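Student: Provided herewith is a single structure, encoded as structure tokens, for subsequent inquiry.
Derivation of every value follows stated rules applied to the coordinates shown; laboratory data play no part. Remember, predicted model here, so these are calculated numbers, not experimental data. All Cβ positions, even for glycine, are placed from backbone atoms using ideal geometry, and neighbour counts span all protein chains on display.
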Amino acid sequence: MHRRVAFRRLESVLLLIGLLFIGLWLKNEAEARAFLAAESRKLEVARLYADVVASSAQPPPKGTWFPVTLESGVFGRIEIPRLGISALIGEGTKPAQLDRVVGHVAKTAFPGQPGNCALAGHRDSFLRGLGGARENDVIRIDTLQGTYTYLVEWGTVVEPSRVDVLDETAAPSLTLVTCYPFLAVGPAPERFVVRARLVEPMELDAHLGDATQPE
């Protein structure tokens, strides 16, 4: 009899804990959605203002980078159309930041700059589907300074110790990093890395034209 009562109490405690975790998850999910919606609107407004400044009588020199971000640290958006990936980009890669944005890795180049721009994101949220990246996939990064387009060169699985993938590159490049395996439950000990190169509009137009030609 006492054992049955103890089991019932244990069931009640476990149910309460489960409901508490579900409540916390729903709260965090609602806050994340509200953050994304608000910051997306702010980014659009800031981008319109930046366009007005760029078209003024004395626009800044072409290619000039102004490290302007929103108060939240958000400074752009990344899109990979074929994979259906679209996410805000913010400065920093702390866990709390990566819960809301794709993070820019400190001390790496910014989008459009010479060198290697490195971005990191969660495999089960913003960069879900990155494993399907193929050579010549288009990646667009929209910032307050302009829109930059990259074409994927390769993707591979590496050990976490392979920090050399973040090293500077001779040509302007983009490196995306997420955890691997994608479908692992719990910790994912490896990293999936995608490398892309910056392309000019004319080169992109030629590439897209070739892609529409019949094989």
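Student: Highest mean first, how do 127-133, 8-14, 161-167, 81-87 rank when packing is the count of other Cβ atoms within 10 Å averaged over residues? Can you show the working numbers first?
Tutor: Working: 127-133: 19.0, 8-14: 10.0, 161-167: 12.3, 81-87: 15.3.
So the peptides 127-133, 8-14, 161-167, 81-87, ranked by packing, come out 127-133, 81-87, 161-167, 8-14.
Student: How many nm separate the modelled label positions at THR156 and LEU19, each set 7 Å beyond the Cα in the direction of the Cβ?
Tutor: 5.3
Student: Using a 7 Å offset from the Cα along the Cα-to-Cβ direction at both GLU200 and SER40, what is the distance between the two label points in nm, to one decimal?
Tutor: 3.4
Student: At q = 0.13, 0.17, 0.18, 0.20 Å⁻¹, what is the base-10 log of I(q)/I(0) for segment 75-211 according to the Debye formula with one equal point scatterer per Cα and no solvent? Please give it to two decimals.
Tutor: Computed log10 I(q)/I(0) values: -0.50, -0.88, -0.99, -1.25.
Student: Something else: Whole-Hz Karplus ³J(HN,Hα) for segment 40-47, in order, using 6.51 cos²θ - 1.76 cosθ + 1.60 and θ = phi - 60°, x for Gly and Pro?
Tutor: Rounded to whole hertz, the list is 5, 5, 4, 5, 5, 5, 5, 5.
Student: Then there is this: Sticking with the crude label model, points 7 Å out along Cα→Cβ, report the distance from GLN113 to ASN136 in nm, one decimal please.
Tutor: Result for the modelled spin labels: 3.1 nm.
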